[in-house]
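> Next up is a structure, given as structure tokens.
The values are calculated or read from the model by the stated rules, or taken from the named source; none is laboratory data. Values in this document were obtained by computation on a predicted structure and should not be read as measured data. Cβ placement follows ideal geometry from the backbone for every residue including glycine, while neighbour counts extend to all protein chains displayed. Protein only, heavy atoms only, side chains kept; ligands, DNA and RNA dropped before computing areas. Shrake-Rupley method; radii C 1.70, N 1.55, O 1.52, S 1.80 Å.
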Amino acid sequence: MIESKKVFTLHGASCASCVNKIETALNQVPGVIQARVNLAEKIASVNGRVDADACVLAIEQAGYGAELATVSDRELREQQREADQKHYRDLLWRAGLALALGLPLMAWGLITGEMSVHAPAQQIAWGLVGLATLAVLIYCGGHFFTGAWKAFRHHNASMDTLIALGTGTAWLFSMLVVVAPQLLPEMARHVYFEASAMIIGLINLGQALEVRARGRTSAAVEKLLQLQDVSARVLHNGEEVDVPVGEVQLGDRLRVRPGEKIPVDGTVLEGSSLVDESMLTGEPVPVKKAQGDFLSAGTLNKNGSLLFTAEKVGSETRLAQIIEMVKNAQNSRVPIARLADRISAVFVPVVMVIAVLAALVWFNWGPEPKVAHMLVVATSVLIIACPCALGLATPMSVMVGVGKGAEHGVLVRNGKALQQASKLTTLVVDKTGTLTEGAPKVTDLETEGDKDELLRLVASLEQASEHPLAEAIVDAAQERGIRLSTVQHFEAIIAHGVRGEVDGHKLLLGNRKLMLRENVDVDHWQAAVEALAGKGRTAMYAAIDGKAAGLIAVADPLRSDARSAIQRLKNLGLEIQMLTGDNGATAEAVATQLGIDCVHAELLPEDKENIVADLQAKGGHVGMAGDGINDAPALARAEVGFAIGAGTDVAIETADVTLMRSSLHGVADAIELSRATLRNIKQNLFGAFIYNILGIPIAAGLLYPITGSLLSPVIAGAAMALSSVTVVSNANRLRLFKPSEINA
């Protein structure tokens, strides 16, 4: 059995306690590496070498229902939406029926004050009302009692347990008053049918509003799923045929016309057009695509016809990877949620104990009518203490925050990275490809001999290298029409340069360290090197047969928005430091142009990691922005690694945060979003905790000596329903988030 990820749709999970029980049950299944429950989406994700039936059985034994999701993401999302709509309508209907009975009863009590049983006629009348209330409990609140019974059978307690106990106790006590009033003192012959009906109605109404608001938290993933086209135009035997996108094979040639979405990833064979990639990168300006350019699935062809070859299909496309990454991140936990998890695990049993203790206190030491007061207190505590808001507090904010990031081209790998990004105090930035375009050009060539001959030799040497600087030198030679020779014994010397033989000459090309190491005297070129470095250009020494032959300088243009992005990051309170393997003078020149005060130059890849570690040892919270491949050690060491590189496959796989557009503004967007999300989570947790901390003592009668009355179970039910709606609504406020760059 191979390691894989399985997704199950859940039934019966309603609160944070349910999440803990299901995850505990799944993590005990042999082969499960990690199990995560998303209460907001009612799904469980399981990673490992595990049998699906074993997972379903474990969930059922925990008291819940589950099914393996076997359809595509798009179909699963559609099914969830249909199920949510059906559930929403069902909850509204149940709420309407319960309130239709509860509201008139409550109005009768408030207006007439006659809610007691003192005569046979009243017994008959209230007995009929009790039967009607029983029908409401069975039809409108049956799912609470079913859930409570399942939890009881599995020695558990959940939100359903509290509701069932509260409403059931109120109804049973009221029926006792109706059937045998003589067993109770005069003052205690009060019925609470209206409380049972109103609580069921209000909680159903609250859950309906919660389902409606919850649907909006998944909007980002739905938008991404909608980017996937359902069909593609494939060339078969010279004819263009529309086929389902799932049938496209690697190597197929596809046609995309103006206004159509790119169905799969591929490379342009013929034609040119502007392609809108804003849905993936957040970059609003369309990009011109022509022969040899890469196309991403989900992007929109604007004005030309393109013929391209399919290179990645199905789950291998960049869009599919992004969707998977966003979904995984949405299902992940933020460290701040651990407190809520620990509390919710024991919350329901503790509340039940508190309710019993409060009832005993009122029964033994409370004022008359003791029995009625005991019932009101126990019911109110059970109802108001429901931890549903606590369970929704963090996952809702994470879902919205991660989804909002995807809309702006910021792909967050997990909830932990989302939280840590908010705490960063220092950002170290790689120069090449991050602050610069990463496409250097030859600017200067200095030699005491033939310039073209020197360029021919070094370009012949560099054609064996994949370094961006080598590519610039080869391009310069080709632009001048110089024919290159074959290189032999080529060797790349890390952080120094290259060596090899061309036309019988032994060549060296690299920095001063390389020349000193090979005993080549370059002192007479030193002044020229410093002058070029002062202009922000990278100068390399060339040596032929052991003697210095000249200099070749390249410059990598700064990104047009690098300076404004650095200033924006400074405004967020971050200290910016630049890391580069380039020489000190060039690095200083670039840093001066960008307003960066601290520069570390002439670094090896391991040096970058050491600098990050040193900053962390001094107490800093360090983020690292790089291209995601060459800076991998430093990216891994940093608390949050930001991969800037137009979403390369490696970057998506390795980075904490991947920026789909090649701009440091993406880092600022991510940090602003992180702070906004964490602020939202804290607001939710504060509201949920305060609600329970204040609600339970009030429901237990703490204010009775001051107010002379107890909290009505109806008010407790309304407050409980309102708390969940408030948390979900507050989380949805994140959907209004806009980075300051856009606001400016």
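> Once R0 is set to 51 Å, what does the formula 1/(1 + (r/R0)^6) return for the Cβ-Cβ distance between SER4 and GLU518, expressed as a FRET efficiency to the nearest 0.05?
Between SER4 and GLU518 the formula returns 0.45.
> Kindly provide the helix-only [θ] at 222 nm of the chain, computed as the sum of -39,500 (n - 2.57) over DSSP H runs of four or more divided by all residues, to the nearest 500 deg cm²/dmol?
Only helices count here, giving -17000 deg cm²/dmol.
> Here's something else I'd like to know. Solvent-accessible area of LEU183, probe 1.4 Å, all protein chains present, reported in Å² to the nearest ten, please.
Using a 1.4 Å probe on the heavy atoms, I get roughly 120 Å².
> Considering the options LEU551, PRO633, GLY595, tell which one lies farthest towards the positive end of the dipole of segment 547-647, charges being +1 on Lys and Arg and -1 on Asp and Glu at the Cβ, about the Cα centre.
GLY595
> Mean Kyte-Doolittle of at least 1.6 and a Cα length of 27 Å or more along the axis: which whole DSSP H helices of the chain meet both?
Answer set is 159-179, 337-365.
> Here is a further query. Quick one, can you get me the convex hull of the C-alpha atoms of segment 1-150 expressed as volume per residue in Å³?
129
> Tell me, in nm to one decimal, what length is gained between LYS547 and VAL287 on full extension, where the rule is 0.36 nm per residue of separation less the Cα-Cα distance?
Full-extension gain reported as 89.0 nm.
> Then there's this: Taking the radius of gyration and the Kirkwood hydrodynamic radius from Cα positions alone, what is the Rg/Rh ratio for segment 79-142, to two decimal places?
Checking Rg against Rh, the ratio lands at 1.17.
> Can you list the aspartates and glutamates whose alpha carbon sits under 15 Å from that of LYS288, skipping same-chain ones fewer than 8 residues off?
Candidates past the 8-residue exclusion: GLU270, ASP276, GLU277.
> Next question. Suppose each label sits 7 Å from its Cα in the direction of the beta carbon; what would the HIS154-ALA135 distance come out to in nanometres?
About 3.4 nm separates the two model spin labels.
> Return P(r) of segment 57-103 (all Cα-Cα pairs; 5 Å bins starting at 0; whole %; ordered from short to long distances).
Taking every Cα pair in segment 57-103, the percentages come to 5, 17, 12, 14, 18, 15, 9, 6, 2.
> Based on the Cα coordinates of segment 538-601, what is the per residue volume of their convex hull in Å³?
Value for segment 538-601: 78 Å³ per residue.
> Leaving out ligands and nucleic acids, note down the accessible area per residue over the chain with a 1.4 angstrom probe, in whole Å².
43
> How large is Rg/Rh for segment 309-363, to two decimals, with Cα atoms and a Kirkwood Rh?
Value, to two decimals: 1.50.
> Here is a further query. Where the only charges are on Cβ atoms (+1 Lys, Arg; -1 Asp, Glu), what is the dipole of the chain about its Cα centre, to the nearest 20 debye?
My answer is approximately 3120 debye.
> What three numbers, in Å, describe the spread of the alpha carbons of the chain along their principal axes, ordered from the longest?
So the three principal-axis extents are 121, 65, 50 Å.
> From the gyration tensor of the Cα coordinates in segment 479-613, what semi-axes in whole Å does the equivalent ellipsoid have, largest first, with each one equal to sqrt(5λ)?
33, 16, 14
> Let me ask something else about it. Taking only the alpha-carbon positions of segment 376-441 and ignoring solvent, what does the Debye formula give for the base-10 log of I(q)/I(0) at q = 0.20, 0.26, 0.29 Å⁻¹?
-0.94, -1.12, -1.17
> Follow-up question, since we're still on this one. Suppose we take every Cα in segment 400-552 and form the convex hull; what volume per residue is that in Å³?
Convex hull volume per residue, Cα atoms: 166 Å³.
> How large is Rg over Rh for segment 661-744, taking Rg from the Cα atoms and Rh as the Kirkwood inverse mean of 1/r across Cα pairs?
Here the Rg-to-Rh quotient is 1.24.
> Same structure, new question: Over the heavy atoms of ARG517, what accessible area does a 1.4 Å probe trace out, to the nearest 10 Å²?
Using a 1.4 Å probe on the heavy atoms, I get roughly 120 Å².
> So for each of 582-594, 120-132 I average, over its residues, the number of other beta carbons within 10 Å; can you give me the resulting order with the highest mean first?
Going by the mean number of other Cβ atoms within 10 Å, highest first, we get 582-594, 120-132.
> Placing one identical point scatterer on every Cα of segment 654-695 and ignoring solvent, what is log10 I(q)/I(0) from the Debye formula at q = 0.15, 0.29 Å⁻¹?
Evaluating at q = 0.15, 0.29 Å⁻¹ gives log10 I(q)/I(0) of -0.52, -0.94.
> For a quick protection proxy, order the peptides 723-735, 86-98, 293-305 by their average other-Cβ count within 10 Å, most packed first.
So the peptides 723-735, 86-98, 293-305, ranked by packing, come out 723-735, 293-305, 86-98.
> Same structure, new question: Report, in listed order, any pair from LYS21/LYS404; LYS404/LYS738; LYS5/LYS86 with a Cα-Cα distance greater than 19 Å.
Where the Cα-Cα span goes over 19 Å, the pairs concerned are LYS21/LYS404; LYS5/LYS86.
> Sort the following peptides by mean Cβ neighbour count (other Cβ atoms within 10 Å, averaged over residues), highest first: 419-430, 257-268.
419-430, 257-268
> Where in segment 585-606 does the label zone of GLN567 land, with the point 7 angstrom along Cα→C-beta and an amide N cut-off under 11 Å?
Flagged as within label range: 595.
> Round to a whole angstrom and tell me the spacing of the C-alpha centers of segment 394-453 and segment 708-739.
Cα centroid of segment 394-453 versus Cα centroid of segment 708-739: 39 Å apart.
> In addition: With a sphere of radius 13 Å drawn around the Cβ of VAL56, what net charge do the other residues whose Cβ falls strictly inside it have (Lys, Arg +1; Asp, Glu -1)?
Residues near VAL56 contribute -3 overall.
> Hey, another quick one. Of the listed pairs LYS513/LYS547; LYS223/LYS261; LYS6/LYS42; LYS416/LYS682; LYS423/LYS618; LYS416/LYS570, which have alpha-carbon separations greater than 19 Å here?
Too far apart for the 19 Å limit: LYS416/LYS570.
> Here's another thing I want to ask about it. Could you pull the Cα extents of segment 136-182 along its three principal axes, largest to smallest, in whole Å?
If we take the Cα atoms of segment 136-182, the spans are 38, 22, 14 Å.
> So, one more: Taking the Cα-to-Cβ direction at ARG735 and at ARG342 and moving 7 Å from each Cα, how far apart do the two end points lie in nm?
Result: 3.4 nm between the two label points.
> What's the long-distance tail for segment 305-400, i.e. % of Cα pairs beyond 16 Å?
71
> Here's another thing I want to ask about it. About its Cα centre, what dipole magnitude does segment 97-249 give when the only charges are +1 on Lys and Arg Cβ and -1 on Asp and Glu Cβ, stated in debye to the nearest 20?
Roughly 560 debye, rounded to the nearest 20.
> I would also like to ask the following. Looking at TYR192, ILE384, SER278, which one has the Cα that reaches farthest to the positive end of the dipole of the chain (charges on Cβ: Lys, Arg +1; Asp, Glu -1)?
TYR192
> Quick one: Debye curve from the alpha-carbon atoms of segment 355-481 only, equal weights, vacuum; give me log10 I(q)/I(0) at q = 0.11, 0.13, 0.22 Å⁻¹ to two decimals.
-0.74, -0.82, -1.20
> So, in nm, how far is label LEU360 from label GLU448 when the simple model puts each one 7 Å beyond its Cα toward the Cβ?
About 10.1 nm, to one decimal.
> Right, something else. Run the accessible area of the chain with a 1.4 Å probe and give the carbon-and-sulfur part as a rounded percent.
Heavy-atom surface of the chain belonging to carbon and sulfur, 1.4 Å probe: 56 percent.
> Taking the Cα centre of segment 653-722 as the origin, how large is its charge dipole in debye, to the nearest 20, when only Lys and Arg (+1) and Asp and Glu (-1) carry charge on their Cβ atoms?
Charge dipole, segment 653-722, about its Cα centre: 220 debye, nearest 20.
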